[in-house]
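Below is one structure, written out as structure tokens; comments come after it.
The values are calculated or read from the model by the stated rules, or taken from the named source; none is laboratory data. As the structure is a computational prediction, the values presented were derived from the model and not from experiment. Don't worry about glycine lacking a Cβ; one is built from the backbone with ideal geometry, like all the others, and counts go over all protein chains shown. With ligands, DNA and RNA removed, areas are computed over all heavy atoms of the protein, side chains included. Shrake-Rupley method; radii C 1.70, N 1.55, O 1.52, S 1.80 Å.
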Amino acid sequence: MLCAGKKSYFTAAVCFITVTSMLAVSYLQLQRLSHQPKVIQEGRRCRGKIANSTITALKGNKTFIISPYFDDRESKVTRLIGIVHHEDVEQLYCWFCCQPNGKIYVSKAKIDVHSDRFGFPYGAADIVCLEPENCDPTHVSVHQSLHGNTDQLPRFEIKNRKAETFSVDFTVCISTMFGNYNNVLQFIQSMEMYKILGVQKVVIYKNNCSHLMEKVLKFYVEEGTVEVIPWPINSHLRVSSEWHFMQDGTHIGYYGQITALNDCIYRNMERSKFVVLNDADEIILPLKHPDWKAMMNSLQEQNPGTGVFLFENHIFPETVSSGMFNISSWNNVPGINILQHVYREPDRKDVINPTKMIVDPRKVIQTSVHSVLRAYGKSANVPMDVALIYHCRKALQRDLPRESLIRDTTLWRYNSSLIKNVNKVLSQTILRAQN
């Protein structure tokens with residue numbers, strides 16, 4: 001008999017732990033076995049219509065697929081970034097078609113709903129499927145059953161299949177542009193500041209914006225700086241412009257911001273050394289270094305093994321102006337002139353300032369807005385004397401008198417280059433259209 005012999009509390013405890021461990025290992029082995037890909041058809045051509053929308057609803061409209069990515073950091077899997085209802089998650093299967101033998105493998109998906117939903121019924125999810133060992137599928141279909149016809153299922157291209165050398169050092173992920181966005185001047189200033197600081201690519205998940213903003217985006221796309229990802233999430237779900245659930249019947253917060261951020265990390269995992277997660281009205285300003293490259297070299301040297309760097313957000317109220325840099329040619333451009341706003345709010349007592357991030361995307365598994373949820377390696381908080389986030393927006397501490405604000409002209413270090421670059425963009429976009 002297992003664990004028979006002299007009876008004692010110690011022996012009983014050891015016996016219990018041993019049996020529990022054996023059962024746990026057996027359960028995990030069975031779980032992994034149930035997720036192993038199985039051949040269900042042979043001699044078939046890979047068919048099915050290629051999905052070309054950013055957001056694809058599966059049958060039943062409770063699960064939405066954004067994009068699948070190859071991920072071999074732990075095992076050989078396809079990781080699909082998606083959106084699901086957190087209480088109504090159906091079992092899903094990945095259908096892989098392997099050429100040239102035409103074998104169709106079906107793999108039971110593990111569905112991992114992200115913990116940060118902020119009360120909304122729908123949230124970001126990872127739909128993870130083990131890939132067949134003897135084939136590197138280029139496409140995957142997702143179905144609620146082991147049985148069906150692949151010809152009727154949408155096929156998604158699996159990205160990141162081939163490891164690439166980094167084409168850029170810094171990519172900024174901006175999500176999500178909505179509400180007929182028209183803060184044109186501040187957007188151009190942010191883009192030009194990003195470029196001055198060392199950014200080569202900005203990815204924008206666009207729901208909608210003004211006609212004038214469309215012209216500016218077109219300029220930056222043609223320049224090669226901006227990549228626009230269409231984000232028609234309100235065609236599928238009732239969206240909220242708030243980050244937390246207001247009991248108002250909406251399905252997902254802030255136009256699906258968290259899902260877009262996760263997609264952006266995986267989309268740029270193989271092509272960008274760093275990914276920066278912030279909004280279009282936020283700029284990470286280095287205080288000890290001329291640009292982000294020098295700053296990140298220093299931070300990585302001081303924090304070995306760290307893949308996530310968190311920067312404190314500081315509010316520069318748009319209602320308090322310095323009176324400087326009142327440039328007449330900018331006055332007819334809608335939006336805020338950030339060079340005029342150099343007074344920041346002091347820290348609030350017992351309130352921790354929110355953070356935004358610069359991450360090594362290969363070390364991130366899941367992210368939220370202000371911190372990562374799962375990652376390999378460590379996170380580090382960057383001291384305020386090294387860098388801070390310049391965030392020009394509506395005041396949070398609205399009753400503060402001007403003399404209680406802190407004058408911080410760090411942004412003015414870049415004023416000469418910034419003014420010249422902004423004028424160049426305006427002359428080729430908005431001012432040209434006005435003449």
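How many percent of the accessible area of the chain is carbon or sulfur, using a 1.4 Å probe? Using a 1.4 Å probe with all protein chains present, the chain comes out at 51 percent carbon and sulfur. Computed about the Cα centre, the dipole magnitude for the chain is approximately 800 debye when only Lys and Arg (+1) and Asp and Glu (-1) carry charge, each at its Cβ. Principal-axis analysis of the Cα atoms of the chain puts helix 415-428 at an angle of about 80° to the longest axis.
Scalar couplings 3J(HN,Hα) for the range 227-232, obtained by applying the Karplus form with A = 6.51, B = -1.76, C = 1.60 to θ = phi - 60°, are 10, 9, 9, x, 9, x Hz; x denotes Gly and Pro. Under a crude label model (7 Å from the Cα following the beta-carbon direction), how far is SER235 from LYS293 in nanometres? Going by the 7 Å Cα→Cβ label model, 4.0 nm. For the range 39-143, the solvent-accessible area works out to 43 Å² per residue, with a probe of 1.4 Å and every protein chain left in place.
When both bridge partners sit in the range 44-197, DSSP labels roughly 95% of those beta bridges antiparallel. Annotation for LYS159 and SER417: the two label points, set 7 Å from Cα along the Cα-Cβ direction, are 2.9 nm apart.
Per residue, the range 295-435 exposes an accessible area of 49 Å² to a 1.4 Å probe, with every protein chain left in place. Of the two radii for the range 345-416, the radius of gyration is 1.04 times the Kirkwood radius, both from the alpha carbons; that is the Rg over Rh value. Against the set [x] 21.7, 67; [y] 22.7, 70; [z] 25.1, 96, the structure's computed Rg and Dmax of the Cα atoms in Å falls on [z]. Projecting label points 7 angstrom from Cα along Cα→Cβ for LYS273 and MET384 puts them 3.0 nm apart. In order along the range 391-401, phi translates into HN-Hα couplings of 10, 8, 7, 4, 5, 8, 9, 5, 8, 6, x Hz, rounded to whole numbers, per the Karplus curve 6.51 cos²θ - 1.76 cosθ + 1.60 with θ = phi - 60° and x for Gly and Pro.
Which residue, chosen from LEU411, GLY377, LEU388, occupies the Cα position most advanced towards the positive end of the dipole of the range 375-435, where the dipole is computed from +1 (Lys, Arg) and -1 (Asp, Glu) charges on Cβ about the Cα centre? Farthest towards the positive end: LEU411.
Just list whichever of LYS206/LYS349; LYS110/LYS378; LYS162/LYS378 have alpha carbons separated by over 30 Å in the model shown. Listed pairs above 30 Å: LYS206/LYS349. Applying the Kirkwood pairwise sum to the alpha-carbon positions of the range 151-273 produces a hydrodynamic radius of 16.0 angstrom. The long axis of helix 257-267 is offset from the longest Cα principal axis of the chain by roughly 80 degrees. Extents of the range 47-158, largest first, come to 47, 31, 24 Å (Cα atoms, principal axes, whole angstrom). Remark on the range 274-418: hydrodynamic radius 16.5 angstrom, per the Kirkwood mean of 1/r across alpha carbon pairs.
Only helices enter the 222 nm calculation for the chain: every DSSP H run of n ≥ 4 contributes -39,500 (n - 2.57), and dividing by all residues gives -7000 deg cm²/dmol, rounded to 500. Taken about its Cα centre, the range 119-162 carries a charge dipole of about 160 debye when Lys and Arg each add +1 at the Cβ and Asp and Glu each add -1 at the Cβ. Considering only LEU197, GLY224, PHE178, the residue lying farthest towards the positive end of the dipole of the range 172-307 is GLY224, judged by Cα position with unit charges set on Cβ.
Taking θ as phi - 60° and the Karplus parameters 6.51, -1.76 and 1.60, the scalar couplings of the range 88-95 work out to 10, 8, 7, 5, 10, 10, 8, 10 Hz in sequence order, x denoting glycine and proline.
Selection among PRO401, PHE325, HIS143 by position relative to the dipole of the chain gives HIS143 as farthest towards the positive end (Cβ unit charges, Cα centre).
Quick one: angle between helix 292-302 and the longest Cα principal axis of the chain, in degrees between 0 and 90, rounded to 10, please. Taking the Cα atoms of the chain, the angle to 292-302 is about 50 degrees. A full extension of the chain between GLU403 and GLN99 corresponds to an added length of 102.5 nm, given 0.36 nm per residue minus the alpha carbon distance.
If a paramagnetic tag sat 7 Å from the Cα of GLU223 along the Cα-Cβ line, which residues of the range 143-183 would have the backbone N under 19 Å from that point? The answer is 168-175, 177, 182-183, whose backbone nitrogens lie closer than 19 Å to the label point. Beta bridges assigned by DSSP with both partners in the chain are antiparallel in approximately 65 percent of cases.
Taking a point 7 Å out from the Cα of TYR376 in the direction of its Cβ, the residues of the range 108-128 whose backbone N falls within less than 18 Å of it are 128. Compared with the alpha-carbon gap, the fully stretched path from SER329 to GLN36 is longer by 99.2 nm at 0.36 nm per residue. If the Kirkwood radius is taken over C-alpha pairs of the range 89-128, then at 37 °C and 0.692 mPa s the Stokes-Einstein diffusion coefficient equals 271 µm²/s.
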